[in-house]
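This report concerns only the one structure given below.
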Protein chains: 2
Amino acid sequence: MSRVTISDVATAAGVSKTAVSFAFNNPERLGHATLERVLGVAEDLGYTPHPAARALSMRRSGTIGVLIPQRLSTVFANPFVSELIQGLGEQCEEHDLTLLLVPPLDGSLEGAIRQASVDGFISIGLSPNDRALEVLDRIGIPTVLVDSDGSPGHPAINIDDEGGAHEAARHLLQLGHRQVAILVLPPAREQVNSTPTATRRLAGYRRALDGAGAPEPVAVVAGISVAAGARAFESLPKGKRRPTAVLAMSDMAAIGVMSAAQASGLRVPEDLSVVGFDDVPASAWTNPPLTTVRQPIVEKGRLAARLLIQRMKGATVESPPPLSTSLVVRKSTSRLINSDLRNKGR
Amino acid sequence: MSRVTISDVATAAGVSKTAVSFAFNNPERLGHATLERVLGVAEDLGYTPHPAARALSMRRSGTIGVLIPQRLSTVFANPFVSELIQGLGEQCEEHDLTLLLVPPLDGSLEGAIRQASVDGFISIGLSPNDRALEVLDRIGIPTVLVDSDGSPGHPAINIDDEGGAHEAARHLLQLGHRQVAILVLPPAREQVNSTPTATRRLAGYRRALDGAGAPEPVAVVAGISVAAGARAFESLPKGKRRPTAVLAMSDMAAIGVMSAAQASGLRVPEDLSVVGFDDVPASAWTNPPLTTVRQPIVEKGRLAARLLIQRMKGATVESPPPLSTSLVVRKSTSRLINSDLRNKGR
DNA sequence: CCGCTTTAGTAAAGCGGTTTAGGGGCGATC
DNA sequence: GATCGCCCCTAAACCGCTTTACTAAAGCGG
């Protein structure tokens with residue numbers, strides 16, 4: 001009762017394996033009568049070509065891999081990936097491709113890469129000196145990087161992280177904030193120090209804050225989860241050096257900060273302004289709705305997939321210019337109410 | 001400059017292909033000296049076994065497929081899947097498996113199933129008479145159903161939809177609501193009328209509402225997206241028959257209803273109570289925080305994967321009892337303030 | 001009726017691995 | 001000194017499909 005193979009169909013229909021193969025992949029090479037017969041027999045027997053055999057023979061598997069830098073449970077806690085997959089998926093469906101999620105197996109992303117039977121890879125947030133990249137071009141699978149630094153061999157899709165971050169920080173400055181805390185993105189993988197994305201955003205924040213009469217901002221590393229954001233809030237300085245605003249690099253972390261702040265009795269934005277990064281859909285429904293830097297995530301996925309598919313067809317493609325970001329001002333930021341001044345006024 | 005194959009390594013190391021294969025899969029069958037040498041040469045040449053060839057030969061691909069009933073862009077708009085994947089992923093990583101997302105290709109889920117080189121399938125929300133199921137057991141790939149009706153051949157993971165729904169409806173009744181609208185889940189796939197899940201939840205709502213002195217509830221089909229929820233709100237009866245509460249079958253739809261209601265000047269929960277279903281993380285941060293029926297989504301994924309892996313090992317497994325749900329009362333529901341009574345009081 | 005092009009179908013060689021059955025060498029056993 | 005067993009290693013079959021020749025028959029103009 002094992003699987004029906006092409007030979008079974010061939011003998012049942014009284015033709016060669018070749019004929020059966022042609023019936024499916026090259027129907028015009030068969031006479032009308034035999035074509036019908038073969039297809040009929042195949043249907044009756046419930047024949048389905050074995051995907052692995054097909055992939056081996058055709059040198060193409062019809063799937064593209066998504067390199068997930070961390071455990072699925074941590075990465076999928078951030079709606080960012082969901083959005084990205086929506087973009088990737090749209091293109092995949094259009095080109096009859098399926099999507100393979102490739103997280104580190106047994107702690108090793110390299111190992112997982114080798115195992116994966118794919119025609120191309122999309123990597124998320126890989127740092128440019130990650131060893132996984134070596135493996136990738138050693139086995140010569142076309143790859144498109146998302147949120148990394150591009151290299152000659154690998155086109156990269158990026159957004160204007162620096163600009164977006166700069167705009168966010170300036171927004172806070174304009175509202176009068178000077179005591180600002182930065183929630184830094186954690187490294188995508190254990191080995192590296194920090195993602196290119198985090199580096200660029202930090203640079204953007206700094207460029208705005210430096211020389212704006214603001215004291216050196218406190219920087220706290222926070223994961224991209226709500227819980228991590230909440231923990232980060234707890235570790236913020238209290239008392240005199242308490243920040244009046246926080247820049248979060250991820251909406252999830254920002255939401256965590258808001259929750260924790262509110263739980264501790266602070267009001268957002270009156271006592272603490274919070275700005276996120278990404279503009280995931282949930283940011284619009286939070287309480288208060290989150291001020292954040294919008295990036296076109298779905299579009300990013302779409303673009304990445306499109307480029308990868310081109311590469312898979314043999315084209316050489318360049319990294320496109322960074323996608324632009326925009327500040328979405330909602331209700332989680334407000335003008336600083338200087339409590340010191342108010343106190344003096346009494 | 002094509003790929004390095006096992007033969008390349010074999011000749012370079014002066015051994016047979018078998019020896020190279022053993023070096024990787026059966027190292028104890030080789031002498032220490034040759035083992036080292038082969039491994040060394042392989043490393044130098046950058047050899048990586050071809051996954052498809054391996055899969056063909058070993059009859060196992062090391063990946064499990066997730067059958068997505070609709071386009072990725074619509075399915076991944078609901079955090080439910082993200083949560084589910086977290087659960088699936090945890091088990092996959094533990095067993096060195098990768099996860100293949102299989103949406104309908106060219107409109108056909110059956111076709112996509114055939115293409116997929118996987119060792120097992122997890123299906124989401126398939127109705128028991130879906131043609132995809134036939135294909136599945138014709139090619140004899142072990143499958144575990146999530147949110148479907150189980151059948152002898154296919155174990156199914158479910159929650160107590162009926163009970164959860166009943167509890168939600170009773171909650172509204174206890175708060176005094178009688179004019180209740182139900183947002184019905186749309187069918188998972190075009191062909192079928194409605195998912196088993198939707199049917200069971202509806203039954204739960206009905207059992208509570210029937211004979212509770214409530215008029216026949218209005219039922220509106222709403223997608224699982226926020227936008228669909230908003231649209232559903234618009235199509236609710238106005239005026240005298242305006243519902244004072246809505247039961248949503250999905251948190252996303254519930255959030256859509258809240259937004260739309262608030263946008264139209266209604267207050268939640270004072271003017272309209274809303275209850276969701278699922279308790280996705282975002283429900284806790286909405287404004288107001290959403291009252292909803294909690295189901296253990298991550299656990300569901302974990303369990304499904306665990307069962308599937310057992311099946312893949314040859315064990316026959318039964319459908320486990322439905323996972324239990326619980327009502328999480330937050331701030332989107334409140335006691336009915338009967339405006340008619342209030343008017344009379346004047 | 002003959003040579004030439006199409007047409008319809010096939011045999012066999014891959015694709016790149018794994019695995020079974022077995023062979024050569026060599027020290028230990030009797 | 002023949003025999004046995006053990007340790008290493010290999011030849012060859014196989015996994016299930018695609019594809020490149022190639023052949024036999026049919027069609028066709030002259």
- Kindly indicate whether any position in segment B:271-282 is part of a helix (DSSP H, G or I) and closer than 15 Å to B:Ile85 by Cβ. yes
- Message: List pairs: first residue in segment A:15-39 and more than 14 Å from every other protein chain (Cβ to nearest Cβ), second residue within 11 Å of DNA strand D (Cβ to nearest atom) and of a type in the set (Phe, Trp, Tyr) anywhere in the structure, Cβ distance under 9 angstrom, at least six positions apart or on different chains.
- Response: A:Val20/A:Tyr47; A:Glu28/A:Phe22; A:Arg29/A:Phe22; A:Leu30/A:Phe22; A:Leu35/A:Phe22; A:Val38/A:Phe22; A:Val38/A:Phe24; A:Leu39/A:Phe24
- Which condition does A:Thr18 not pass, out of (1) at positive phi; (2) within 12 Å of DNA strand C (Cβ to nearest atom), if it passes all the others? (1)
- (1) more than 26 Å from B:Thr74 (Cβ to Cβ); (2) open to solvent by 60 Å² or more (accessible area, probe 1.4 Å): which one isn't true of B:Thr244, the others all being true? (2)
- Every residue from segment B:150-190 that is among the hydrophobic types (A, V, I, L, M, F, W, C), part of a loop (DSSP other than H, G, I, E, B) and more than 17 Å from the chain's Cα centre (by Cα): B:Leu175
- From the residues in segment B:1-20 that are open to solvent by less than 40 Å² (accessible area, probe 1.4 Å) and assigned to a helix (DSSP H, G or I), which one is farthest from DNA strand D (Cβ to nearest atom)? B:Val9
- Task: Test each condition in (1) within 27 Å of A:Pro142 (Cα to Cα); (2) within 16 Å of DNA strand D (Cβ to nearest atom); (3) among the hydrophobic types (A, V, I, L, M, F, W, C) for A:Ile68 and report the one that comes out false.
- Result: (2)
- Task: Working only within segment A:21-30, note down all residues that are near DNA strand C (Cβ under 8 Å from one of its atoms) and part of a helix (DSSP H, G or I).
- Result: A:Ser21, A:Phe22, A:Glu28, A:Arg29
- Message: Out of everything in segment A:80-128 that is charged (D, E, K, R) and under 19 Å from B:Ser73 (Cα atoms), what residue ends up being surrounded by the fewest Cβ atoms within 10 Å (Cβ to Cβ)?
- Response: A:Asp96
- Matching residues in segment A:142-157 (open to solvent by 20 Å² or more (accessible area, probe 1.4 Å), at pLDDT 90 or above and within 24 Å of A:Cys92 (Cβ to Cβ)) number 1
- Item | Given (1) within 14 Å of chain B (Cβ to nearest Cβ); (2) free of Cβ contacts under 8 Å to residues at least 60 places away in the same chain; (3) touching an Asp or Glu at 6+ places or on another chain (Cβ under 7 Å); (4) open to solvent by less than 10 Å² (accessible area, probe 1.4 Å), index of the condition A:Leu136 fails | (3)
- Message: Among the residues of segment B:283-309, what is the count of those that are facing another protein chain (nearest Cβ under 10 Å) and surrounded by fewer than 24 Cβ atoms within 10 Å (Cβ to Cβ)?
- Response: 7
- Query: Which number in (1) more than 7 Å from chain A (Cβ to nearest Cβ); (2) modelled with pLDDT of 95 or more marks the one condition that B:Ser82 misses?
  - Reply: (1)
- Message: Testing B:Gly89 on (1) part of a helix (DSSP H, G or I); (2) more than 8 Å from every other protein chain (Cβ to nearest Cβ), one condition comes back false. Which one is that?
- Response: (2)
- Note on the structure: Reported set for segment B:92-130 where residues are at pLDDT below 95 and away from chain A (no Cβ under 12 Å) is B:Gly125, B:Leu126, B:Ser127, B:Pro128, B:Asn129, B:Asp130
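The values are calculated or read from the model by the stated rules, or taken from the named source; none is laboratory data. These numbers were taken from a predicted model, which means no experiment stands behind them. We place every Cβ from the backbone using ideal geometry, glycine too, and count neighbours over all the protein chains shown. All accessible areas refer to the heavy atoms of the entire protein, side chains included, with ligands and DNA or RNA removed. Shrake-Rupley method; radii C 1.70, N 1.55, O 1.52, S 1.80 Å.
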